Each structure stands twice: as C-alpha cells, then as structure tokens.
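Presented below is the structure to which this report refers.
The values are calculated or read from the model by the stated rules, or taken from the named source; none is laboratory data. Please read these numbers as outputs of a predicted model, since none were measured by experiment. With ideal geometry, Cβ positions are generated from the backbone for all residues, glycine too; neighbour counts draw on all protein chains shown.
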Amino acid sequence: MTTGLRPELGTFENRRSRAWACLFARLVLGLIFFMAGVYKVFTMTPAGHVRRWFLPYRDTFLPVWSLWLVGWLIPFVELVGGALLIAGWRIRAALLSLGVVLVVVTFGHLVKEPLYPFHEHVIPRLALLLFLLVLPREDDAFSLDRWIAAGADPPPSSGGGSTTS
C-alpha cells in the first residue's frame, strides 16, 4: 500500500523529467523575451518602441507621460528578464516582471481592440510563465538559483563533537 496521492512524483525519473521540463520552458520563454528586448533596445531603440507601440494610444484616456514611461521601460524589462531566465538566476523576480509586461500588453490591446486575438501572442507566453511559477523551485535542477541554493546549504552534521581545523 502506498501513501500520498501521487507517489510516482518522487521517483528519480520523474524528478529528472520535471527538471528538463523546467529548463526547456525557461529557455524558450527566456529567449522569446530576451530576443524581443535585444531588438527593441538595440535596433528599434526604446524611443522607437514608444513611438511605434505606445503613442498610438495617446488618443485614449491614458496620459502621454505614462505611455512614454511604460513604453520606454518594457524593452529593458524584456531584455533583463529574458536573460535572467536563460541563466536561471533570480527566476521568480524575472517571471513576476515579465508577468507584469504581459498584463500591460493585455491591457493595452484591450483598450484599442476589445476582441484582440491573444492566442497569437500573450497566451503562449503566459502559459510558459505560469507553468514555471507553479512548479516547485527545487524541480528546476538546471538553474543557477538551484545551484546557488544547494551551495548555500550548510553541510550535514556528523553528529560528533566540535571539530577544529
């Protein structure tokens, strides 16, 4: 008789499969955002990004200063957040930052086009982001976060008295 609802989740093979799933999801999502950030920062430029994607909203209730602020910041959030995901460092902060970008994009599209086809752009990114957010951090065995945490753990006690070096 087994205990627990899903005893197979603890097996070595399943832990390894979850580690690979985390790695692939993190790399794909990281590359999507990182490459968008690279393009928007170095080719389009942040000001060009604002002019192309945000200033068309100046005829809405949104203040122009907010369009400039958010439109200028998003390329850098995508660049840094994507790089952090690729490296596997500060994963939670990167995911939360990129989640905010997806919320802003969703809001913006809905202001202009209430029936915007989100399945083409937002939903795939959101699915990967949510997948990574809900999995336990220890499942992402191929990340810097995990390796740093493993190195920071104190060594197990030998149960003996004090030792001197």
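Quick grid of which residues meet (1) among the polar types (S, T, N, Q); (2) crowded, with 16+ Cβ neighbours inside 10 Å; (3) modelled with pLDDT of 95 or more:
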residue	(1), (2), (3)
97	yes, yes, yes
103	no, no, yes
113	no, no, no
117	no, no, no
124	no, no, yes
128	no, yes, yes
131	no, no, yes
153	no, no, no
163	yes, no, no
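Has the range 74-82 got any residue that is closer than 22 Å to residue 133 by Cβ and either at pLDDT below 95 or of a type in the set (Asp, Glu) (or both)? Within the range 74-82, one or more residues are closer than 22 Å to residue 133 by Cβ and either at pLDDT below 95 or of a type in the set (Asp, Glu) (or both). Within the range 58-85, residues that are within 30 Å of residue 137 (Cβ to Cβ) have Cβ atoms under 6 Å from residues that are outside any helix (DSSP H, G or I) in these pairs: 84/90, counting only partners at least 6 apart in sequence or on another chain. Pairing residues of the range 106-129 that are of a type in the set (Asp, Glu) with residues that are loosely packed, with under 11 Cβ neighbours inside 10 Å, at Cβ distances under 6 Å and at least 6 apart in sequence or on separate chains, gives no pairs at all.
Screening residue 49 with (1) free of Cβ contacts under 8 Å to residues at least 24 places away in the same chain; (2) farther than 27 Å from residue 20 by Cβ gives one miss only, at (1). Only one of the numbered conditions (1) surrounded by fewer than 16 Cβ atoms within 10 Å (Cβ to Cβ); (2) among the aliphatic types (A, V, I, L, M); (3) at pLDDT 95 or above is not met by residue 85, and that is (1).
To keep it simple, each residue is scored yes or no on (1) of a type in the set (Val, Ile, Thr); (2) closer than 18 Å to residue 134 by Cα; (3) outside any helix (DSSP H, G or I); (4) in contact with a helix residue (DSSP H, G or I) (Cβ under 6 Å, 6 or more places away or on another chain).
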| position | (1), (2), (3), (4) |
| --- | --- |
| 18 | no, yes, no, yes |
| 31 | no, no, no, no |
| 41 | yes, no, no, yes |
| 50 | yes, no, no, yes |
| 59 | no, no, yes, no |
| 89 | no, yes, yes, yes |
| 97 | no, yes, no, yes |
| 101 | yes, no, no, yes |
